[in-house]
């Protein structure tokens, strides 16, 4: 379903398991950034009612996930900790078109969002299979399903509002680019590290 061209190295899951604190802090901030990203698309496209409604729903879900991850930190006696820069996401953002027709820029922003959701979904699946804590396995299984839904929503919106843009061809280009990017990551306990 996700069509990722390069799967996450299983060693990443081992790193995450060894440093759960780093994983949870980074995961919390990733949820916050996902909510902010969805709202920034809404701000740029307030006249697209379906898009606004769908992304408002996603924003609410992502902020709920942020709260859930913060709760899991607190249950373990840990504080949230500072946000860090996400090199993976910043490299993907560099692929997003900054010029061209408005519909092309919108498609790219939606596909960028879908790409992050797809990779997060794949990593949540790994965590749901490898986390030492059974509650965390269930938690990550539920989040995997949610991220899969977000991924599908972003792809669907790109197709709906893409106009004459060849969304499928652009998605294939994103997938190829992301495979090159993700090959440089997976060596730390952060969500995209």
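Structure notes:
- Test: residue 54 is more than 20 Å from residue 13 (Cα to Cα) and in contact with a helix residue (DSSP H, G or I) (Cβ under 8 Å, 6 or more places away or on another chain): yes
- The single condition among (1) in a helix (DSSP H, G or I); (2) within 27 Å of residue 139 (Cα to Cα) that residue 51 does not satisfy is (2).
- Qualifying residue in the range 1-14 (condition: at pLDDT 95 or above, assigned to a helix (DSSP H, G or I) and under 14 Å from the mean Cα position of the chain (by Cα)): no
- One residue stands out in the range 178-188 among those that are under 16 Å from the mean Cα position of the chain (by Cα) and modelled with pLDDT of 95 or more: the one that is farthest from residue 91 (Cα to Cα), namely 179.
- Matching option when the condition is surrounded by fewer than 14 Cβ atoms within 10 Å (Cβ to Cβ), modelled with pLDDT of 95 or more and over 13 Å from residue 41 (Cα atoms), among 77, 100: 77
- Residues of the range 123-147 that turn out to be more than 20 Å from residue 36 (Cα to Cα) and surrounded by 18 or more Cβ atoms within 10 Å (Cβ to Cβ), as a count: 10
- Single residue of 15, 48, 24 found to be closer than 23 Å to residue 144 by Cβ and touching a helix residue (DSSP H, G or I) at 6+ places or on another chain (Cβ under 8 Å): 24
- Test: residue in the range 151-161 that is crowded, with 19+ Cβ neighbours inside 10 Å and closer than 24 Å to residue 9 by Cα: yes
- Count - residues of the range 67-101 that are more than 17 Å from residue 113 (Cα to Cα) and assigned to a helix (DSSP H, G or I): 9
- Residue check for residue 18: touching a residue at least 40 places away in the same chain (Cβ under 8 Å) and closer than 24 Å to residue 72 by Cβ: yes
- Scan the range 148-169 for residues that are part of a helix (DSSP H, G or I), touching a residue at least 24 places away in the same chain (Cβ under 8 Å) and over 18 Å from the mean Cα position of the chain (by Cα) and the total you get is 3.
- Residues in the range 172-187 that are surrounded by fewer than 16 Cβ atoms within 10 Å (Cβ to Cβ) and in a loop (DSSP other than H, G, I, E, B): 183, 184, 187.
- Test for residue 95: is it touching a residue at least 60 places away in the same chain (Cβ under 8 Å), under 22 Å from residue 42 (Cα atoms) and surrounded by 15 or more Cβ atoms within 10 Å (Cβ to Cβ): yes
- Test for residue 113: is it at pLDDT 95 or above, in contact with a helix residue (DSSP H, G or I) (Cβ under 7 Å, 6 or more places away or on another chain) and either assigned to a helix (DSSP H, G or I) or surrounded by 13 or more Cβ atoms within 10 Å (Cβ to Cβ) (or both): yes
- Residue check for residue 38: touching a helix residue (DSSP H, G or I) at 6+ places or on another chain (Cβ under 9 Å), surrounded by 19 or more Cβ atoms within 10 Å (Cβ to Cβ) and part of a helix (DSSP H, G or I): yes
The values are calculated or read from the model by the stated rules, or taken from the named source; none is laboratory data. Keep in mind it's a predicted model, so treat the numbers as computed, not measured. Cβ: placed from backbone, ideal geometry, glycine included. Neighbour counts: every protein chain shown.
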